[in-house]
Amino acid sequence: MDRDGILIFHSIHRVMRAEKVLKGAGLDVRLMPVPRQLSSDCGLSIAFRMADREAVEQALADAGCPYEELHGWDGTGYRRLDG
């Protein structure tokens, strides 16, 4: 799995803004439905490479674009990493 991190946001508006910020920073991200084992109000998430986690978090922080949850793939499922 090349994009092994998932960001979940409170709203579709925040997801779209975050995607724009991250792509503008040159990061390889894509929109995807929130995996079934996770829950979200808006239903969309952003997938990214965990190797880029620091750059992803920094770009979002610099843009004032907070995420709700961060999950990483552990080989069998996603586990929450931010809380």
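The values are calculated or read from the model by the stated rules, or taken from the named source; none is laboratory data. Computed from a predicted model, the values in this text were never measured in an experiment. Glycine also receives a Cβ, built like all others from the backbone with ideal geometry; neighbour counts cover every protein chain displayed. Accessible surface areas use protein heavy atoms only, side chains included; no ligands, DNA or RNA. Shrake-Rupley method; radii C 1.70, N 1.55, O 1.52, S 1.80 Å.
May I ask you to derive the relative contact order of the chain, considering only C-alpha pairs under 8 Å and at least 6 residues apart, and to give it as an integer percent? Relative CO of the chain lands at 39 percent. Computed over neighbours whose Cβ is under 9 Å from that of L81, the net charge equals +1, Lys and Arg +1, Asp and Glu -1.
Seen from K20, the other residues with C-beta closer than 15 Å to its C-beta sum to a net charge of +1, counting Lys and Arg as +1 and Asp and Glu as -1. For the stretch 20-59, with all protein chains in place and a probe radius of 1.4 Å, 46% of the accessible heavy-atom surface sits on carbon or sulfur. Across the stretch 1-31, the residues whose backbone nitrogen lies under 11 Å from the label position 7 Å along the beta-carbon direction of W73 are 1-6.
Working note: 222 nm ellipticity from helices only, DSSP H runs with n ≥ 4, each -39,500 (n - 2.57), summed and divided by the residues of the chain, gives -8500 deg cm²/dmol to the nearest 500. Every Cα-Cα pair in the chain was counted, and those over 18 Å apart are 32% of them.
Annotation for H13 and D28: the two label points, set 7 Å from Cα along the Cα-Cβ direction, are 3.3 nm apart. For GluC sites (Glu not before Pro), no site in the stretch 1-81 is both called loop by DSSP and has at most 13 other Cβ atoms within 10 Å.
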